[in-house]
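Just below is one structure, and these are the notes that go with it.
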Amino acid sequence: MPRDILIVGAGIAGLASAIAISNEFSPVAPGLSISVFDGASELSTSGGAISLTPVAQRYLDELGVLSELDRMGDQAGIEVDAIDLFSVRSGRRLGPLRFTDENGQGYGGYKGRRVLRSALSEAMLAVARKLPNVSVHYDRKVVGGNTTAESATLVFEDGSTATGDLVLGCDGVHSATRTKIVDPGNRSEYTGISFIQSMGETRDFKMPMPFQQTAVHLARHSSLLTSYCDPKHEQLFIAAIVRVSEHLIERYQAMSGTDLSAQKNMRMSMRYLVRAQFGMSNLPYIRELIDKTEDWMLYPVYQVRQRGKWYTERILLLGDAAHAMPPRDESAAYAVEDAIIFSKLLARNPDCPLAMLFAEYEDIRRDLVNKAFDASRRLWQSDLDKGLFPGQTRDLMSPLHLPPDSCVGKRAMHFITKSLPAPTHESFSDLSVYSLTSELARTADATNGD
Ligand SMILES: Cc1cc2nc3c(=O)[nH]c(=O)nc-3n(C[C@H](O)[C@H](O)[C@H](O)COP(=O)(O)OP(=O)(O)OC[C@H]3O[C@@H](n4cnc5c(N)ncnc54)[C@H](O)[C@@H]3O)c2cc1C
C-alpha cells in the first residue's frame with residue numbers, strides 16, 4: 001500500500017490529486033504522507049482568467065474548492081449563464097450559447113464560471129494546506145528521477161532527491177516526469193494556436209458592452225474573447241485566440257530573458273497582430289478595447305502526442321502531463337477528473353499492485369481522452385463541425401462507462417460510476433463555440449454583404 005506519495009506540480013491536477021487522495025485514501029492508509037513539489041518559486045499570479053465548465057465546477061465542489069473560492073469574495077470569479085456570440089465583421093449578435101437549461105438551471109446544478117487562474121490556484125492551495133497529511137513545497141523543480149519495483153525517486157534541480165512509494169507526474173504539458181522518466185523523448189508539440197491576452201479595468205473603457213458576462217467575437221480564422229471576472233464587473237479579461245507561427249513563438253520566448261527594449265518590441269508585435277485581426281470590427285467597443293489595450297501577453301498552446309505512455313513502475317502521469325490537447329476550454333475538467341478517478345481507484349484497492357491499478361486507470365481513461373483529443377483536433381482542423389453541438393447535451397447526460405472485469409470490484413465500480421458525472425469530452429466551451437459557430441458567422445456576414 002503506497003503511504004509516501006510524491007506529486008510533481010502544484011497546478012490543477014497536482015493539487016486536485018493531493019486533495020482527492022487525502023480525502024479518499026486517508027481512512028484506509030494510516031500514516032499517509034502526500035508531498036507536492038512545484039518548480040516555481042511561489043504560486044503564480046499570471047495567466048489571466050480560466051473558464052470552468054459545469055463539469056469542472058462539479059468536481060471542484062466535490063473537492064471543497066468551490067466553497068473556498070466563494071469565501072474569496074470578488075476573487076471568486078463570476079458564474080456564467082451564457083456566452084454571447086457576435087460576428088466581428090458585421091457586429092451582428094449571433095445568439096447566446098447557454099450553460100443553463102430551459103429553466104435557467106445549470107447542468108447538474110452547475111453553470112460555467114470565469115475566474116482568475118491565480119484565484120483558483122489560491123483556493124486549491126488553501127484547501128490542500130488544511131489537510132494534515134499534505135505538504136506543498138515551492139522552488140523544487142524536478143529534473144529527473146527513476147523508479148524500481150520498490151520505490152520511486154525524484155531528482156531536483158538543486159541536486160536534492162525525494163523517494164516515495166508512488167509518484168504522480170502532474171507537471172503540465174512540458175512535464176519533466178514524462179520526458180525524463182516515463183516516456184523519454186515524448187516532448188510537447190505546438191498546436192499552432194495561441195492566446196494573446198490582457199487584463200483591463202472596465203472604467204478605462206467608455207463604450208457600452210452589450211454582453212452579460214462573457215462574449216466571443218467570431219472572425220473567420222480567429223476569435224476574441226471578452227469576459228468579466230468579478231461580480232462588480234470591474235475587471236475585464238480579453239483574449240485573442242489566433243493562429244501564430246512557431247517562428248514567432250520562438251522569437252517571443254528568446255526575448256523573454258533579454259533587454260527591456262526587445263521585450264517592448266515584442267509586445268508591440270503582439271498588439272499589431274491583435275489589431276490586424278480585430279481592429280476593423282463593426283463593434284465600437286471592440287475597436288476601443290483593441291485601441292486602448294497595450295500590454296498583451298502571448299500564451300502558445302501546446303499538446304502532448306496522443307497514445308504516449310502514461311505510466312511506468314511506480315509513476316503515473318495525470319492532467320496535461322499525460323494528455324494536453326488542442327484547446328477547448330475543458331482541459332481543467334479533465335485534469336480534476338483524472339485526479340478524482342485515480343484517487344477513488346486507489347482508495348478502493350489499497351492492496352492492488354500499482355502496475356494493475358495504473359493499467360485499470362488507463363483502461364477507464366484512455367478511450368475518453370482519445371475521443372476528447374480527436375474532437376478538439378477536428379474542431380481546429382475544420383471550422384465546420386456541425387454535428388457536434390447537438391451531441392454535446394446528449395454526452396453531458398450519458399454515464400461514464402467502466403470495463404466489466406475491473407480489479408476495483410463491482411461494488412466500487414458501481415460507486416465510481418454513480419458518483420462521477422458524465423464524460424467531459426464534448427461539453428460547452430468558449431473555444432468550441434469558436435469552431436461551432438464560425439459557419440454561422442460566415443452566413444451572417446454573407447447575409448450582410450460583408
Ligand atoms: C492559453 C491557455 C488557455 C487555457 N484556457 C483554459 C480554460 O479557459 N479552461 C480550461 O479548462 N482549460 C484551459 N486551458 C488548459 C488548462 O490550463 C490546463 O489543461 C490545466 O492547467 C492543466 O492542469 P495541470 O495541472 O495538468 O497543468 P498545469 O496547470 O500546467 O500545472 C503544472 C504545474 O507543474 C509545475 N511544474 C512544471 N514543471 C515542473 C517541474 N519540472 N518540477 C516541478 N514542478 C513543475 C508548474 O509550475 C505548474 O504549477 C488553457 C490552456 C492555455 C495554454
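The values are calculated or read from the model by the stated rules, or taken from the named source; none is laboratory data. Remember, it's a predicted structure, so these values are computed and weren't measured experimentally. Virtual Cβ from ideal backbone geometry, glycine too; neighbours counted across all protein chains shown.
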Identify, please: which residue in segment 327-348 is acidic (Asp, Glu) and in a helix (DSSP H, G or I) and is, among those, nearest to the ligand (Cβ to nearest atom)? 338
Meets criteria (within 18 Å of the chain's Cα centre (by Cα) and within 15 Å of the ligand (Cβ to nearest atom)) for residue 123: yes
May I ask you to say which residue of 50, 21, 5 is touching a strand residue (DSSP E or B) at 6+ places or on another chain (Cβ under 9 Å) and within 11 Å of the ligand (Cβ to nearest atom)? 50
Residues satisfying the stated conditions in segment 67-87, i.e. among the hydrophobic types (A, V, I, L, M, F, W, C) and crowded, with 21+ Cβ neighbours inside 10 Å: 69, 76, 78, 80, 83, 85, 86
Closer than 24 Å to residue 350 by Cβ and surrounded by fewer than 23 Cβ atoms within 10 Å (Cβ to Cβ): which single residue out of 27, 96 fits that description? 27
Which of the residues belonging to segment 40-81 are among the polar types (S, T, N, Q) and modelled with pLDDT under 95? 41, 44, 45, 46, 51, 53, 57, 75
I want to confirm something. Restricting to segment 154-172 and keeping residues that are of a type in the set (A, V, I, L, M) and crowded, with 22+ Cβ neighbours inside 10 Å, which single residue is farthest from the ligand (Cβ to nearest atom)? 166
Which numbered condition residue 107 misses (of (1) among the hydroxyl-bearing types (Ser, Thr, Tyr); (2) touching a residue at least 60 places away in the same chain (Cβ under 8 Å); (3) loosely packed, with under 14 Cβ neighbours inside 10 Å): (3)
Regarding residue 151, is this residue in contact (Cβ under 8 Å) with a residue 60 or more places away in the chain, closer than 24 Å to residue 34 by Cβ and either within 19 Å of the chain's Cα centre (by Cα) or surrounded by fewer than 22 Cβ atoms within 10 Å (Cβ to Cβ) (or both)? yes
Determine if segment 113-131 includes at least one residue that is more than 22 Å from residue 59 (Cα to Cα), in contact with a Leu (Cβ under 8 Å, 6 or more places away or on another chain) and not in a helix (DSSP H, G or I). no
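Conditions tested, residue by residue: (1) under 15 Å from residue 134 (Cα atoms); (2) outside any loop (DSSP other than H, G, I, E, B); (3) near the ligand (Cβ under 8 Å from one of its atoms); (4) free of Cβ contacts under 8 Å to residues at least 24 places away in the same chain.
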position: 16; (1), (2), (3), (4): yes, yes, yes, no
position: 39; (1), (2), (3), (4): no, no, yes, no
position: 60; (1), (2), (3), (4): no, yes, no, no
position: 68; (1), (2), (3), (4): no, yes, no, no
position: 74; (1), (2), (3), (4): no, yes, no, no
Of all residues in segment 110-129, how many are surrounded by fewer than 17 Cβ atoms within 10 Å (Cβ to Cβ) and within 18 Å of residue 215 (Cα to Cα)? 0
Scanning segment 306-326 residue by residue, those surrounded by fewer than 24 Cβ atoms within 10 Å (Cβ to Cβ) and within 14 Å of the ligand (Cβ to nearest atom) turn out to be 326
Only one residue in 191, 153, 177 is in a strand (DSSP E or B) and under 25 Å from residue 21 (Cα atoms). Which one? 153
Filter result for the condition that a residue is at pLDDT 90 or above, of a type outside the set (A, V, I, L, M) and in contact with a strand residue (DSSP E or B) (Cβ under 7 Å, 6 or more places away or on another chain), over 99, 37: 37
Residue 144 is checked against (1) of a type outside the set (Lys, Arg); (2) more than 14 Å from the ligand (Cβ to nearest atom); (3) in contact with a strand residue (DSSP E or B) (Cβ under 7 Å, 6 or more places away or on another chain) and fails just one. What number does that condition carry? (2)
Run down 33, 90 and say which single residue is crowded, with 18+ Cβ neighbours inside 10 Å and either more than 14 Å from the ligand (Cβ to nearest atom) or more than 18 Å from the chain's Cα centre (by Cα) (or both). 90
